[in-house]
1. What tally of residues in region A:82-98 results from selecting those that are outside any loop (DSSP other than H, G, I, E, B) and touching a Phe, Trp or Tyr at 6+ places or on another chain (Cβ under 9 Å)?
2. Of B:SER178, B:SER173, which residue is in a helix (DSSP H, G or I), under 28 Å from B:LEU212 (Cα atoms) and not aliphatic (A, V, I, L, M)?
3. Exactly one condition in (1) within 18 Å of the chain's Cα centre (by Cα); (2) surrounded by fewer than 17 Cβ atoms within 10 Å (Cβ to Cβ); (3) within 14 Å of chain B (Cβ to nearest Cβ) is false for A:GLU66; which is it?
4. Of the residues B:GLY247, B:GLY203, only one is assigned to a loop (DSSP other than H, G, I, E, B), more than 14 Å from every other protein chain (Cβ to nearest Cβ) and touching a Pro at 6+ places or on another chain (Cβ under 6 Å); which?
5. Out of region A:107-137, which residues are of a type in the set (A, V, I, L, M) and either touching a residue at least 24 places away in the same chain (Cβ under 8 Å) or assigned to a helix (DSSP H, G or I) (or both)?
6. Do the conditions hold for B:LEU37, that is, is it at pLDDT 95 or above and in a helix (DSSP H, G or I)?
7. Please go through region A:1-38 and pick out each residue that is more than 20 Å from the chain's Cα centre (by Cα) and either touching a residue at least 24 places away in the same chain (Cβ under 8 Å) or within 22 Å of A:THR238 (Cα to Cα) (or both).
Amino acid sequence: MMSILRFEDVTFRYPETSHEALQGLTLEVPRGAVTAILGPNGAGKTTLLRLAYGRYVPTRGQVWLEGRPLGAYTRQEIGRMVALVPQREANPFAYSLLEYVLLGRAPYLLPLQMPTASDVAMAWEALERVGLHHLSRRSVQALSGGEYQLLLVARALAQQPRLLLLDEPTSHLDLANKKRLVECLRSLVSAGVTILMTSHEPEVVSALAQHVVLMREGRVLRSGPLDVLWTAEALSETYNVPLRVWAFNGHRYVTWE
Amino acid sequence: MNLTSSAQPLDLMARAPLWLQYRARAHRRLLVLGALLVVVLGVSLFLGRYPQVGFLTPAQILEDPLAQRLILNLRLPRLLAAVMIGMSLAGAGLVLQMVFSNPLVEPGFLGVSQAAAFGAALSIILFGGAAWRVQASAVFFGLGGLALSYLLARRVRYGGWVLRLLLSGIAVSALFASGVGLIKYLADPLRQLPEITFWLLGGLAGVTWKPLLAALPLMVLGLVILILMRWRLNLLALEDEVAFSLGVAVHRERLLVLLAAVMVTAASISIGGLIGWVGLLVPQLARRLSGADARYAVPTALLLGGTFVVLCDDLARVLSAGEIPLGVLTSLLGAVGFLLLMTRPAVKV
């Protein structure tokens, strides 16, 4: 089976709104690769992610995870397969990094069960993977923006997911931290994790993704391999502004016309 | 991915020795706090104003039958009530702070305290203040206050779930507070008003075994729920989306712990009246001591809360011949402690 996640003619309307956030959307997310969703604000990118882990159920149509409808899994089962890295996350309490990452083990624990030693080891390993283990006892409130984003990735990794959802992961990071995160995500993909992310940043997408989904007004305009779709025409149509794509040294850059 | 293969439990010593050290320290800390509570309880049992201000001597206990009865029938239930109330208010405060993701929330939110106060005051003017009626009415209205806040929150058309619950809690509190004001205005100023006032100020002077035992099951049940769910509380403090993605039944689990918190709060109010600041100060202090992880913050808060209220009640009993209302003391010490805590640089986590 090629795709890990499949949207089949999905229409979705938020409760108590009249406007359809997603309209008849069909989409496949290929396994073992990075798929990036691009599109203007309000195109329905975040909504698509929300449907991908079952936070909301489609008004019409079906979401398939590993060949089964998402509704056929329990929440905990989904939590063991799909992990979310939200765009922003506020928490007023001064957890240590290890305590916070340990929360990612929740889908593996019974409601009254405490995390065991192997859960701690797993959380530690997730911290190691994003390179924050030397700060394991530091308070999460003492972290910089870049480190905090890596921490959220680590918590998601503690879920041992097959599919990692990231909502604009680099949107408020400086260049150095963007690079750090991109490299970390690359190493995850080579370890076999599938990534589905939204992004507003062409340089991040072209450095990381193999597949792109171009969205506008709740619909998929085009989707396919980055090599094919990364054209001035497709991107200009998506954002409704004239854009230009430059190739240089194997990198591709997007600029305004 | 190969996160699983290399992480064996046996590796833990090599991988996270700091964590083990940290956990051992957390356990030691709990042991010390537990011992402190036991010592405070033991000392308090012999402390009072009979037959002299200060401690009962062993000789007096052996010889004086009145002293024996005093300890068994008055001081013991009163001390137990103080411990349970302290634990309840501190535990409930911690739960509310976590569920609302706001360290400045206390059990009075959600309208519970004011509703319980209204229930007690109503019972005093309607039925003349028979203890069990006041108590039952306080619990009934306290739970009713929560239910009202909850139902109202579902209808509020503004903000997320947490903000809506907070807003409706404020409104419900104000509603019942005005009700209390009205009852005070209507009450007989000679017979009923002093009783209502005493109750609103909070105190354990009248506590005997009977009211304590009546409230005990509710408190024990609620506290057991909180203790069992203590690690899970961390998940309930996360934002809805994140908690959901971790497989948590966010609404149902939050409702369960809120219900437990309200049960213990209402039961506490039904015995001791309004005792403020414990639920705000003690969880803050507990987090400073044990770190934010509720797995350790919950037991720490319970032990500290019990100790704090027992000490305050000791002062209330001993300082003057006419008792100082307990609620006044907890507010005074709580507010001072809170100011100290807030102006101090953060203790190491």
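The values are calculated or read from the model by the stated rules, or taken from the named source; none is laboratory data. No experiment lies behind these values; they were computed from the predicted model shown. A quick note on method: Cβ atoms are made from the backbone with ideal geometry, for glycine too, and the neighbour counts reach across all protein chains shown.
1. Step one: of region A:82-98, the residues outside any loop (DSSP other than H, G, I, E, B) are A:82-85, A:96-98.
Remaining after also requiring touching a Phe, Trp or Tyr at 6+ places or on another chain (Cβ under 9 Å): A:82-84, A:96, A:98.
So the count comes out to 5.
2. Details: B:SER178 fails: under 28 Å from B:LEU212 (Cα atoms).
Among B:SER178, B:SER173, only B:SER173 is in a helix (DSSP H, G or I), under 28 Å from B:LEU212 (Cα atoms) and not aliphatic (A, V, I, L, M).
3. (3)
4. On the way: B:GLY247 fails: more than 14 Å from every other protein chain (Cβ to nearest Cβ).
It is B:GLY203.
5. Step one: list which residues in region A:107-137 are of a type in the set (A, V, I, L, M), which gives A:109-110, A:112, A:114, A:117, A:120-123, A:126-127, A:130, A:132, A:135.
Those that are of a type in the set (A, V, I, L, M) and either touching a residue at least 24 places away in the same chain (Cβ under 8 Å) or assigned to a helix (DSSP H, G or I) (or both): A:ALA117, A:VAL120, A:ALA121, A:MET122, A:ALA123, A:ALA126, A:LEU127, A:VAL130, A:LEU132, A:LEU135.
6. On the way: at pLDDT 95 or above: yes; in a helix (DSSP H, G or I): yes.
The answer is yes for B:LEU37.
7. If we filter region A:1-38 for residues that are more than 20 Å from the chain's Cα centre (by Cα), which is where we start, we get A:1, A:9, A:11, A:13-20, A:23-24.
Matches in region A:1-38: A:MET1, A:ASP9, A:THR11, A:ARG13, A:TYR14, A:HIS19, A:GLU20, A:GLN23, A:GLY24.
Matching residues to (1) part of a strand (DSSP E or B); (2) at positive phi; (3) at pLDDT below 90:
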site	(1), (2), (3)
A:GLN141	no, no, no
A:GLN160	no, yes, no
A:HIS172	no, no, yes
A:VAL182	no, no, no
